[in-house]
Structure formats: C-alpha cells, structure tokens
1. Within the set of pairs 6+ apart or on separate chains, which have a first residue in segment 170-190 that is closer than 27 Å to residue 94 by Cβ, a second that is surrounded by 12 or more Cβ atoms within 10 Å (Cβ to Cβ) and hydroxyl-bearing (Ser, Thr, Tyr), and C-beta atoms under 8 Å apart?
2. Among the residues of segment 159-185, what is the count of those that are β-branched (Val, Ile, Thr) and either touching a Cys at 6+ places or on another chain (Cβ under 8 Å) or surrounded by fewer than 24 Cβ atoms within 10 Å (Cβ to Cβ) (or both)?
3. Which count do you get for residues in segment 1-58 that are buried (at least 16 other Cβ atoms within 10 Å of the Cβ), assigned to a loop (DSSP other than H, G, I, E, B) and of a type in the set (Ser, Thr, Tyr)?
4. Quick check: is even one residue across segment 71-83 of a type outside the set (Gly, Ala, Ser), in a strand (DSSP E or B), over 24 Å from residue 162 (Cα atoms) and over 14 Å from the mean Cα position of the chain (by Cα)?
5. Residue check: is residue 161 touching a helix residue (DSSP H, G or I) at 6+ places or on another chain (Cβ under 9 Å), farther than 18 Å from residue 30 by Cβ and of a type in the set (Val, Ile, Thr)?
6. Being assigned to a helix (DSSP H, G or I) and at pLDDT below 95 is the filter here, so list the residues in segment 163-192 that pass it.
7. Report yes if residue 49 is within 29 Å of residue 14 (Cα to Cα) and modelled with pLDDT of 95 or more, otherwise no.
8. Kindly list, by first and then second residue, each pair from a residue in segment 17-37 that is closer than 21 Å to residue 164 by Cα to a residue that is polar (S, T, N, Q) and surrounded by fewer than 18 Cβ atoms within 10 Å (Cβ to Cβ), limited to pairs with Cβ atoms under 7 Å and residues at least 6 apart or on different chains.
Amino acid sequence: MRTALVQRVTKETQITAEVDLDGGEVVISTGIGFFDHMLNAFAVHGGFGLKIDAKGDLEVDCHHTIEDTGIVLGKAFDQALGDKGGIARFGSFYVPMDEALGFCSLDISGRPFLVFDAQFPEERIGGYDSCMTEEFMRAFAYNSGITLHLQSLYGKNSHHITEALYKALAHALRAAVARTSTDKPLSTKGVL
C-alpha cells in the first residue's frame, strides 16, 4: 500500500494529511478557498487520494497554514514512497492554462531542492497570497525529498499562472510515482 497519514500540531497550525498514491477520495479543507482549489486540482490531476484538514492562524494571514500544509504533505509523500523502489522516479510536464504556460520537472531523488521561476501580476488570489506558491512548493520539495523545478514560461493572470504550476506538478509527480517492472530504486547507487 502506497499510503501515509501524517499529523503536525504547532502553536500556529493543526494539520492532518492522508495520501494514497494510487487514488481515492479527495477531501480538502484549509480555510483558504483558492488553496483548497489548488490542492483539489493537484489531487485530481495527479490521480492521488488526498485528504487534508488544516486549521491555522488565518487571523494573522495565510502564510503558516499554506507553508505547514506543504510540510505535512511532503512528509506524507515521502512516507508513502517508502524506499522509492519500483517507481519511474523522474517526471516532467507542461500545462497550459488559458494565456499561461506552466512547466514542472522533478526527480524523486532523496536530495531536496527547489528552483522556482514565476512572476505573479496580482499579489492576491482571494485569500491566497500569490507569493505563497513558492513557499508551498519549497516546503513540499524539502519534506518529500524531491528535486523540484517549476517555471511559468508566461502568463498575465495570477490565478492561471498558479493553477498551471500546481497542475504541472501533479502530472509530473504522477509520472514519477508510476510503478515500474522492478522493485529496486532507479539509481546506479542501488539506493536513494
């Protein structure tokens, strides 16, 4: 079973994430409407079962809730992948969203890194600060052990740019976690 359940409680947030890499129910509740929309799109386009319940100090702003959700979701993916044996490991994908084009390339390497190249014309999308896209992606990459490259090639609308990036991540990750004919990690070292 490629599943995991991770909980994290701090003075700022209380977050639970349940992941099934092979599909299942999608139930998202973070208190931030646009973020819920992005996580739902991520799960649907990735083909993942995903349940997230996040409560955070939204009276401050959205930062802690979004970043901490990235931490918990990253840990859940790392646990669900186990020793990372028997997966394709690499994935890349382009997603057009109206006038915007997003790209993601990733390696489930055990060596976390983020390269993020995107500009957002509008500072906010509903209750979601556009700059939080990078913070979420960093938290996810570093806690899942993924080398993650994301780029917005162009776009004029922050909603479209952001959605293209989340969906590109989903499709690239879907390709990378796909099962292969071996149960060994795809590495000349023999381990990841």
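The values are calculated or read from the model by the stated rules, or taken from the named source; none is laboratory data. Quick caveat, the model's predicted, so the values are computed rather than measured. FYI the Cβ positions are ideal-geometry reconstructions off the backbone, even for glycines, and counts take in every protein chain you see.
1. Listed pairs, sorted by first residue: 172/92; 172/105; 175/92; 186/180.
2. Here is the first cut: in segment 159-185, the ones β-branched (Val, Ile, Thr) are 161-162, 177, 180, 182.
Still in the running and either touching a Cys at 6+ places or on another chain (Cβ under 8 Å) or surrounded by fewer than 24 Cβ atoms within 10 Å (Cβ to Cβ) (or both): 177, 180, 182.
Matching residues across segment 159-185 total 3.
3. Qualifying residue count, segment 1-58: 1.
4. Here is the first cut: in segment 71-83, the ones of a type outside the set (Gly, Ala, Ser) are 71-73, 75, 77-79, 81, 83.
From what is left, the residues that are in a strand (DSSP E or B) are none.
Within segment 71-83 (the criterion being of a type outside the set (Gly, Ala, Ser), in a strand (DSSP E or B), over 24 Å from residue 162 (Cα atoms) and over 14 Å from the mean Cα position of the chain (by Cα)), the answer is no, since none of the residues qualifies.
5. Values: touching a helix residue (DSSP H, G or I) at 6+ places or on another chain (Cβ under 9 Å): yes; farther than 18 Å from residue 30 by Cβ: yes; of a type in the set (Val, Ile, Thr): yes.
Yes, satisfied.
6. First pass over segment 163-192, keeping only residues assigned to a helix (DSSP H, G or I): 163-176.
Listed by number, the list is empty, since nothing qualifies.
7. Numbers: within 29 Å of residue 14 (Cα to Cα): yes; modelled with pLDDT of 95 or more: yes.
Yes: the conditions hold for residue 49.
8. 26/40; 28/40; 36/29
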